[in-house]
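Please treat every number below as a calculation from the coordinates, not as lab data. In this text, all values refer to a predicted model and were calculated from it rather than measured experimentally. Cβ coordinates were reconstructed from backbone atoms using ideal geometry, including for glycine residues, and neighbour counts include every protein chain displayed.
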Amino acid sequence: MNEPGRHSNEPKGHSHEGREATELRQSRAKAFGLRFLAGVIGLAGLVMLSNAQDLRGGEAAALGLAGMVLFGVAFWAATRAKRHSAPLAEDVLASDPRAPVLYLRSFETDTGMVNQEEALADIVHEVGPFIAIGRPGEVLPRLGAARQYVGDDEWQPYVRDMLDRSRMVFMLAGKTEGLGWEINEAFERLDPRRLVILVPEDAPAYKSFQKGAVARGMSLPDYPSKVESRHKAGGVIGLVHFDTQWDGSFRPFVNATFRGQSHQLAGAPKIRLKLALEPVYNALGIEWKKPRRNWTLIGLLSYFGLAVLVLLIFIWLGINGMLD
């Protein structure tokens, strides 16, 4: 691993220009109220959908639509409640003695990569507390990594400290100035095996990131083909991990339809990310557990296939009986 170094001409902001003062407005009372509201509205939506089955025509459609709208409102309220009660990085680090897992990205991706970040948080909590710098000016933290809010003159020392302390570092490839600085710091401070680059669907953003990384001494593979990137996890199509000489290898996501818990959707982002991280865990000596098979889904599909087969047999027997 390279020795830490200091650099001049550093960017004046993190992954964005113009940092704003952050005044969080988290409230435990609002979190409780929103959870209660989500439960009530969700129950009302369920009742409407149930009653819609007893109606016909326009009335059934209208009641069913109203039920779906209420489900949407309930989901929004539940998500808002989670953000009100989300722990901050300083609290998480104080309560968890393990080395953290750092997440670096452009703030511009916070909206489009919500599912990917939450899936990643579900995975890496088994390694250490998942930490990221919060977007300046937001009143509630995003879900996923626990946020640390820092000023314009604090973020670079904070990132350096986290790079030195972290067990793993995830960086979402992008093309902002702050990420260029972070690439440089990661190259100077990290054992290459600790860094994982998340490859976005945005090919120009990755190519810009690749150019900057190569200029700093890393070797990143070219943007993957459509065949390699056909499976996605949120807005990410795969990841790049490194050997001890900063030689990067692309790790595509694989079909994970029959993996995961019974309640998870087929091919959930969490499962695809977990499968792709196997070589990273192995290189760092972290225990990697393969996601178990989703026997509930396998059973349902097997039952459906058997039912179709039996139906086809009866149809065939009926046709032969008519011909006789």
Selection of trypsin sites (Lys or Arg not before Pro), segment 22-121, meeting DSSP coil and at most 10 other Cβ within 10 Å: 25, 56
Of the GluC sites (Glu not before Pro) in segment 95-195, those whose Cβ has at most 15 other Cβ within 10 Å and which sit in DSSP loop: 126, 154
Two-site FRET efficiency, residue 284 against residue 66, from Cβ-Cβ distance with R₀ of 35 Å, rounded to 0.05: 0.10
Sites residue 304 and residue 222 - FRET efficiency at Förster radius 51 Å, r taken between beta-carbons, to 0.05: 0.80
Cα-projected label distance for residue 75 with residue 46, points at 7 Å along beta-carbon direction, nm: 1.7
At most 10 other Cβ within 10 Å, DSSP loop - trypsin sites (Lys or Arg not before Pro), segment 219-258: 226
Gain upon complete extension [residue 243, residue 154; 0.36 nm per residue less C-alpha separation]: 28.9 nm
Among the listed pairs 207/270; 232/289; 82/211, those beyond 27 Å (Cα-Cα): 82/211
Packing-based ranking, highest mean first, of 127-137, 278-288 given that Cβ atoms within 10 Å are counted: 127-137, 278-288
